[in-house]
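Beneath this line is the structure, given in C-alpha cells, with notes to follow.
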Amino acid sequence: MLSPYGLDIIESCLTCKTRNERLFCDLPAAALQAFEVIKYATAYPKGAVLFVEGQAPRGIFVLCKGRVKLSICATDGKTLIVKISEPGEVLGLSATVSGKPYELTAETIDPCQVNFVKREDFLRFLREHSDACFRVAEQLSEKYNTACHEVRSLGLSHSAGEKLAKLLLEWSSKNGEASKQEPRLKLALTHEEIAQMIGTSRETVTRLFADLKKKQIVQAKGSTLLIRNKAALKLIANNN
Amino acid sequence: MESAIQPSCLECVERPEHRFCDLPDEASHDFDLLKTFTVLPKGTMLFRTGEPAHNVVVLCEGRVRLSVCSESGRRLTLRIAGPGEVLGLSAVLAGSPYQMTAELLDNAQVASIRRKDLLRFLHEHREACLQVVNLLSQDLHVAYDRVRSIGLARSRRSRVPRVH
C-alpha cells in the first residue's frame with residue numbers, strides 16, 4: 001500500500017526504530033504507552049503550514065520525519081527564518097505550555113510525518129509523567145540556547161557576509177563533517193530562504209556566494225556545497 | 001563570594017510571588033538543603049558566555065543584566081532579570097556552556113544550586129520540574145521577541161541594537 005506523500009509512516013512510537021536517538025521520544029515504556037493514546041499521527045506534504053505565528057496554541061507537533069521551517073514575520077511581510085527543525089523536535093512546545101500564541105510559523109519543507117497532541121492532553125501527560133516533563137525541560141533548554149545563538153548572530157554580526165559564513169560553518173559541522181578538512185553540506189534552502197535566515201536580501205546572498213566561489217573558498221556541485229577553505233571562511237565569520 | 005546566614009525559602013515572604021519558589025513545602029525544604037545563599041556586590045559577574053554551566057542561580061533580590069557577546073568582545077543586552085528568576089537554567093539542563101553573561105546591576109542576594117543537585121531535585125519533585133518547564137517557556141517567548149526585534153529591524157535597517 002502506498003503511503004501518503006511517499007512517506008513510510010511510523011504507526012507506533014513503541015516500534016519506532018529511531019526512538020532511542022531522539023531526546024523527547026526516548027521515554028520509559030509507561031509514558032510512551034500513555035503518549036500513544038493521546039497522539040494523532042498525520043502526514044503532510046511539502047509546503048503545509050502546521051501553525052501560524054500569533055495563532056492560539058492547539059497543541060504540540062512531534063516531528064517524526066521530514067523537516068520544518070520555523071519563521072517570524074514582520075507587519076510589512078518581511079520574513080526571518082529562525083530555524084530548520086529536524087526529526088525528533090517538538091514544535092509549538094513553549095506556546096502549548098504557556099498558553100500564549102505560537103511565536104513562530106511552522107511550514108514543512110519536505111513531506112513530513114507529525115504526531116499531534118492536543119494541548120489539554122499534553123499538559124495532563126506532563127503532570128502525570130515526570131520523565132516526560134524532564135525531557136520537555138531539556139528540549140525547551142535547547143531551543144532557548146538556539147534562540148540566544150540566533151540573537152548573538154543577528155545582533156552582533158557586522159555584515160551579511162559574516163552571517164552567511166557563520167551559517168555555512170554551522171551547517172558544515174553536522175552529519176559527521178565537522179572534523180573534515182573540506183566539509184560538505186547539502187544546500188536544502190533557496191537563496192531567498194537563506195536570505196530570510198540571515199536578515200538580508202536574495203540578491204545579497206547570491207552575490208556573496210558568487211564571491212565565495214570566485215575566491216575558491218567554496219565550490220558548488222549541484223545542491224552540494226564543498227567548503228574548500230575552512231580557515232578563510234572562519235576569518236570572514238569573525239569579521240577579519 | 002561572601003557567605004551569609006542561610007535563610008530558609010520556607011520563611012521567605014516573597015515566595016508566593018516568585019514562580020519557581022512557590023513550590024510545595026516538601027520541595028522547598030529539600031531545595032533549602034541543596035542551595036548556597038550568598039550576598040554579592042553590584043558588578044559581580046555571576047557567569048560568562050562560554051563558561052561551563054556548573055550552577056543555576058536563583059535571584060532572590062536585585063537585578064541582573066543578561067547579555068550575549070561576540071568573540072571580539074562586543075556585547076548585546078538581551079534583557080534585565082529581576083527577583084524570583086532562575087538564571088543559567090537552559091545551559092544546565094542542556095549540559096551546554098552558558099549562552100549569555102550575567103552581571104549584577106545592584107547589590108544582590110542569590111541562591112545557587114549545583115547542576116547535579118538540581119537535576120536530581122527535578123527528577124524527585126514533579127512540581128518543581130513543571131515550574132521549570134513554565135519558566136523556560138516564558139524565557140523562550142522573550143528570546144523569540146528579541147530575535148524578532150533584532151532580526152527584522154536589521155532587515156529593515158530601521159533600528160540599531162544597543163551594543164557595547
Treating the angle as unsigned and between 0 and 90°, give the value, to the nearest 10°, between the Cα long axis of helix A:160-172 and the longest Cα principal axis of chain A. 60 degrees
Given the options A:148, A:25, A:133, identify the residue whose Cα lies farthest towards the positive end of the charge dipole of region A:4-156 (+1 on Cβ of Lys, Arg; -1 on Cβ of Asp, Glu). A:148
How large is ³J(HN,Hα) for each residue in region B:128-139, as worked out from phi by the Karplus curve 6.51 cos²θ - 1.76 cosθ + 1.60 (θ = phi - 60°), to whole Hz, x for Gly and Pro? 5, 5, 5, 4, 4, 4, 5, 5, 5, 4, 5, 4
Three-way shape label, chain B, alpha-carbon gyration tensor, a/c 1.5: prolate
Other-chain or far-sequence residues with amide H under 5 Å of residue B:63's (modelled H): B:105, B:106
Let a ≥ b ≥ c be the square roots of the eigenvalues of the Cα gyration tensor of region A:4-156; is it rounded (a/c under 1.5), or, if not, prolate (a/b larger than b/c) or oblate? prolate
Just A:44, A:102, A:144 to compare: in a GNM of chain A, with alpha carbon springs under 10 Å, which one fluctuates most? A:144
With springs only between Cα atoms under 10 Å apart, run a GNM on chain B and tell me which of B:51, B:26, B:14 wobbles the most. B:26
What does the charge dipole of region B:1-128 about its Cα centre add up to, to the nearest 20 debye, if the Cβ of each Lys and Arg holds +1 and the Cβ of each Asp and Glu holds -1? 680 debye
Label-reachable residues, region A:177-195, where backbone N falls under 18 Å from a point 7 Å from residue A:224's Cα toward its Cβ: A:177-189
Using Cα centres only, tell me the gap between region A:175-240 and region A:92-119 in whole Å. 30 Å
Contour minus Cα-Cα distance for residue A:235 and residue A:192 (0.36 nm per residue): 13.0 nm
Gaussian network model of chain A, Cα within-10 Å springs - most flexible of A:121, A:76, A:211: A:76
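Taken together, the values in this text are just the output of simple stated rules run on the coordinates, not laboratory data. Small disclaimer: the values here were computed from a predicted structure and weren't measured. Positions of Cβ are generated from backbone atoms using ideal geometry, with glycine treated the same way; all protein chains shown enter the neighbour counts.
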